[in-house]
């Protein structure tokens, strides 16, 4: 079975069903068009990300979301309330009714690296309602069955797409405070991680390319965009480093870069907010 056959069956029946759901049509689709929500098709579900967290998923017939985000109330008061007022609160009866509050709740669960990834999605989503930049984000959290018995899945943070060259570019994202990037006892965990990912792409290159061609056809239908299908996969995996200031640049240059031993390219910038289309082009050309 192909990676996305679940969504292509019966003339994309499940995808069409999603597009007619009020939550999608009235809430998710407009947010996808303006970059506030990023969609990603999986084998048997479609994930919708917002503010670095998974806002909700569609499984083919129903939506589901993490209960931690679902404290959404009708006529929600602000500030402190009494216990009696709390007892009178009414929970929203649907994800659609509580949509704005649920999105606000996501801020309470932000993570540094997923937050930086989502900033890239907001700025460079392939699925906005206007023509995407030459290099755009086409997928995040790509999950591949691990070839290592110590873990079940390998998860690649960001998949970028060069629209003109029709080429896919895979990146791992770290912040400076992540222990996996720092040398310890002669080892650097991120080197092993990126090496695994590179081996995965090399091993699965043809199948993965075919899957992403299928993925683009489905996303074009779902989001009303006109992306060309990818024709090439770059099996090199780059590291994007965020979460530092100017004073820390010398440490990155003197300690981290030598520790990476030239095994991959490390693109570095303090915050994803500072990344521009020109930045992505520069990184692409310096690979």
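The values are calculated or read from the model by the stated rules, or taken from the named source; none is laboratory data. The structure displayed is predicted, hence computed values, not measured ones. Note that each Cβ is placed from the backbone with ideal geometry, even for glycine, and that neighbours are counted across all protein chains shown.
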**Request:** Find the strands (runs of 3 or more DSSP E) located wholly in region 1-107 whose residues include 2 or more that are modelled with pLDDT of 95 or more and either farther than 19 Å from residue 224 by Cα or more than 20 Å from the chain's Cα centre (by Cα) (or both), and list them.
**Result:** 53-58
**Item:** Breaking point among (1) at pLDDT below 90; (2) farther than 25 Å from residue 258 by Cβ, for residue 167
**Value:** (1)
**Request:** Sort through 128, 221 and tell me the only one that's at pLDDT below 95, within 16 Å of residue 40 (Cβ to Cβ) and touching a helix residue (DSSP H, G or I) at 6+ places or on another chain (Cβ under 8 Å).
**Result:** 128
**Asked** If you go through region 269-287, how many residues are within 28 Å of residue 186 (Cβ to Cβ) and crowded, with 17+ Cβ neighbours inside 10 Å?
**Response** 0
**Message:** Looking at 95, 58, 48, 63, can you tell me which residue is within 30 Å of residue 5 (Cα to Cα), touching a strand residue (DSSP E or B) at 6+ places or on another chain (Cβ under 8 Å), surrounded by 13 or more Cβ atoms within 10 Å (Cβ to Cβ) and in contact (Cβ under 8 Å) with a residue 60 or more places away in the chain?
**Reply:** 95
**Request:** Please verify whether region 138-150 includes one or more residues that are in contact (Cβ under 8 Å) with a residue 24 or more places away in the chain, assigned to a loop (DSSP other than H, G, I, E, B), in contact with a strand residue (DSSP E or B) (Cβ under 8 Å, 6 or more places away or on another chain) and on the phi > 0 side of the Ramachandran plot.
**Result:** no
**Asked** Here are 107, 123, 119: which of them is within 17 Å of residue 30 (Cα to Cα) and touching a residue at least 24 places away in the same chain (Cβ under 8 Å)?
**Response** 123
**Prompt:** Can you name the number of the only condition in (1) more than 28 Å from residue 145 (Cβ to Cβ); (2) at pLDDT 95 or above; (3) surrounded by fewer than 19 Cβ atoms within 10 Å (Cβ to Cβ) that residue 246 fails?
**Reply:** (2)
**Asked** For residues in region 165-212 being assigned to a loop (DSSP other than H, G, I, E, B) and touching a residue at least 40 places away in the same chain (Cβ under 8 Å), which is surrounded by the fewest Cβ atoms within 10 Å (Cβ to Cβ)?
**Response** 177
